[in-house]
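Contents: one structure, followed by commentary.
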Amino acid sequence: MASSDSKESAANNPGLHTTPDEATKGYFMQQTMFRIKDPKVSLDFYSRVLGMSLLKRIDVPELKFSLYFLGYEDVASAPSDPVERTVWTFSKPATIELTHNWGTESDPEFKGYHSGNSEPRGFGHIGITVDDAEKACERFERLGVEFVKKLDSGKMKGIAFIKDPDGYWIEIFDLKTIGEVIRTIS
C-alpha cells in the first residue's frame, strides 16, 4: 500500500490536517487528570504498583483540594525551588494528575467518581508500556490488583486491562508483542 493510501493518510481520515498549524509547534500532551477518593491509596497504587514518581504536589487550601502529578521521570533531576519544580513538572510529557477534593476519603456518603467505562460511556483508559506484559501481569496478580481483562482473554490477546483504586482502567502492553496483537485484529 502506497503511503498516500495508508490508513493514516488524510485521504482515509476526513478532517485530518497533515500539516500542523505553525502556531501549534511545540505543543505536546502533558497530562491526564483523574479525580481520586483517597490520596494515600492512589499514591500507593501509582508509585508502588506502577512505579511512577511524585513529580509535584500542589495544595489549594482556599478551594480544599490537592493535585498530585506523577510520571516516569527521575525526580533527582527536579529543581528544589517550588516555582522551578512546577515548570519542570509541566515540561514533562504524559503525566497523571490526581485530583483529591479534601474530605472524600472519610465521607461515608461519597460514592466515588465515574470512570467512563459504565453508562453513559465516555473516557476509556490510559495505557502503560511495560518491559514484559506477562511478567508485569503476574506481579499485578501477586499484588492483588483488579483485572478488567487478562492477557489471555478476549479477542485482543496480549493486552491486559487493570483498574486503579478509583476504578479507572489502565491498559497494559509491551513493545515486543503489541505490533502482532494489533495486526491480528485489524
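Observations
- Semi-axes of the equivalent ellipsoid of the chain are 30, 24, 18 Å, computed as sqrt(5λ) over the eigenvalues of the C-alpha gyration tensor in descending order.
- Using bins of 5 Å that start at zero, the share of Cα-Cα pairs per bin across the range 62-144 amounts to 3, 10, 12, 15, 18, 19, 14, 7, 1, 0, in whole %.
- Sorted largest first, extent of the range 122-186 alpha carbons per principal axis (Å): 32, 30, 19
- Charge tally around R57: other residues with Cβ under 12 Å, Lys/Arg +1 each, Asp/Glu -1 each, net 0.
- Within the chain, longest stretch clear of exposed chymotrypsin sites (Phe, Trp or Tyr not before Pro) (DSSP loop, no more than 10 other Cβ within 10 Å): 29-186
- Longest segment of the chain lacking trypsin sites (Lys or Arg not before Pro) that sit in a DSSP loop with at most 16 other Cβ atoms within 10 Å: 65-110
- Net charge of neighbours whose Cβ lies under 12 Å from the Cβ of W169, counting Lys and Arg as +1 and Asp and Glu as -1: -1
- For the range 102-179: relative contact order, % (alpha-carbon pairs under 8 angstrom, 6 or more apart): 32
- Net charge, V87 excluded, C-beta distance under 13 Å - Lys, Arg +1, Asp, Glu -1: +1
- By the rule of a C-alpha distance below 19 Å, with chain neighbours fewer than 8 residues away ignored, the lysines paired with K135 are K149, K150, K157, K163, K176.
- Cα-based values for the range 3-102, radius of gyration first and Dmax second, are 18.0, 55 Å.
- Within the accessible surface of the range 41-151, defined with a 1.4 Å probe on protein heavy atoms only, the carbon and sulfur portion equals 54 percent.
- Measuring gaps between exposed loop sites in the chain (GluC sites (Glu not before Pro); DSSP loop; at most 13 other Cβ atoms within 10 Å), the longest gap, sites not included, is 9-108.
The values are calculated or read from the model by the stated rules, or taken from the named source; none is laboratory data. As the structure is a prediction and not an experimental result, all values here were calculated from the model. Cβ coordinates were reconstructed from backbone atoms using ideal geometry, including for glycine residues, and neighbour counts include every protein chain displayed. We work out accessible area using only protein heavy atoms, side chains counted, and drop any ligands, DNA or RNA first. Shrake-Rupley method; radii C 1.70, N 1.55, O 1.52, S 1.80 Å.
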